[in-house]
Amino acid sequence: MGGARGAGWVAAGLVLGAGACYCIYRLTRGQQRGSRARRLRPSRSAEDLTNGSCDDVLSAEQLQKLLYLLESTEDPIIMERALVTLGNNAAFSANQVIIQELGGIPIVGDKINNPNHSIKEKALHALNNLSVNVENQIKIKVYINQVCEDVFSGPLNSAVQLAGLRLLTNMTVTNDHQHMLNSYITDLFHVLLTGNGNTKVQVLKLLSNLSENPAMTEGLLSAQVDSSFLSLYDGHVAKEILLRVLTLFQNINNCLRMEGQLATQPPFPKGSLFFLLYGEECAQKMRALVYHHDVDVKEKAVTIIPKF
């Protein structure tokens, strides 16, 4: 009898325990659904928009609120959050157009002059995403000189410098605005030679864009470049950097061939990139790279060798 009563209490306990677990499960599910619904519901205030997830895609009305907030606030924390949200939304092509139509480019562009480096970086990031749209580049080009000044006068390898280099790289994917960097080519090579690996790669992406344009060839080859540049063609250099610096050389060769200048020696000054690339020391390095262990490096070196 006692055993039966004990078994009954155990069974009742199991039922109550299961019921309690189910209630907790329902309560938890309800909280999760409620929080998810709150995330998907449009924000009521501009400040709320700055706390959104990176995955949220804002409507035109919300973007307008955000731009007004960015333009009117003096709070650096809100300003930075607003720029991050705008930058994330500018990764979508539809929003690149909407932000431009709402007059957002000058509002964002104004923040690259902010003394707060974090705000400056976030503004550059937002402009970088907006610059993927070629029509937007027409409005963004007014900031190129300022971006160049920040890149070449600011701290080496800093987040601001990298963000500026990325923006300049996007702005030079086409030939339309490349001429605006003519006076900064020597500075680009200086940052290339003094920067760390990430900075080197970003500068080489930018120089590669310029080197594809025959109109930029003379400016590149006449730039005064330290002789340490040739060390980038050593076989032990990281593959990504070595391939990019070989591509730079390859592009310049192609442009010279198009202009019919490979057979002649244009009057470039001593100490220029021309004398480095077409000198004997570089020729020796190219001949050594023909035997490089990496097939991609070897193939690029082979295409360059005949130009000597």
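The values are calculated or read from the model by the stated rules, or taken from the named source; none is laboratory data. Since the structure is predicted, the reported quantities are computational estimates derived from the model, not experimental observations. No Cβ is skipped: glycine too gets one built from the backbone with ideal geometry, and neighbour counts run over all protein chains shown. Accessible surface is based on the protein model in full, side chains and every heavy atom, while ligands, DNA and RNA are left aside. Shrake-Rupley method; radii C 1.70, N 1.55, O 1.52, S 1.80 Å.
Wholly within the range 86-136, which helices (runs of 4 or more DSSP H) include no fewer than the required count, namely at least 1 residues that are in contact (Cβ under 8 Å) with a residue 60 or more places away in the chain?
Details: elements: 93-101, 104-109, 117-130.
Helices (runs of 4 or more DSSP H) meeting the threshold: none at all.
Out of all the residues in the range 225-242, is one or more modelled with pLDDT of 95 or more, in contact with a Ser or Thr (Cβ under 9 Å, 6 or more places away or on another chain) and more than 15 Å from LYS200 (Cβ to Cβ)? Walk me through it before giving the result.
Filtering the range 225-242 for residues modelled with pLDDT of 95 or more gives 225-242.
Cutting the leftovers down to in contact with a Ser or Thr (Cβ under 9 Å, 6 or more places away or on another chain) gives us 225, 237.
Remaining after also requiring more than 15 Å from LYS200 (Cβ to Cβ): none.
Within the range 225-242, none of the residues are modelled with pLDDT of 95 or more, in contact with a Ser or Thr (Cβ under 9 Å, 6 or more places away or on another chain) and more than 15 Å from LYS200 (Cβ to Cβ).
Scan ILE77, ILE105, ILE119 and give me the residue that is out of contact with any helix residue (DSSP H, G or I) (no Cβ under 9 Å at 6 or more places or on another chain) and modelled with pLDDT of 95 or more. Walk me through how you get there before you give the answer.
Working: ILE105 fails: out of contact with any helix residue (DSSP H, G or I) (no Cβ under 9 Å at 6 or more places or on another chain); ILE119 fails: out of contact with any helix residue (DSSP H, G or I) (no Cβ under 9 Å at 6 or more places or on another chain).
Testing whether each residue is out of contact with any helix residue (DSSP H, G or I) (no Cβ under 9 Å at 6 or more places or on another chain) and modelled with pLDDT of 95 or more leaves just ILE77.
With respect to the numbered conditions (1) outside any helix (DSSP H, G or I); (2) buried (at least 19 other Cβ atoms within 10 Å of the Cβ), which one is the sole condition not fulfilled by ASN170?
Unmet for ASN170, out of (1) outside any helix (DSSP H, G or I); (2) buried (at least 19 other Cβ atoms within 10 Å of the Cβ): (1).
Considering only the range 111-141, how many residues are open to solvent by 30 Å² or more (accessible area, probe 1.4 Å) and either more than 24 Å from ALA94 (Cβ to Cβ) or of a type in the set (Phe, Trp, Tyr) (or both)?
Counting residues in the range 111-141 that are open to solvent by 30 Å² or more (accessible area, probe 1.4 Å) and either more than 24 Å from ALA94 (Cβ to Cβ) or of a type in the set (Phe, Trp, Tyr) (or both) gives 7.
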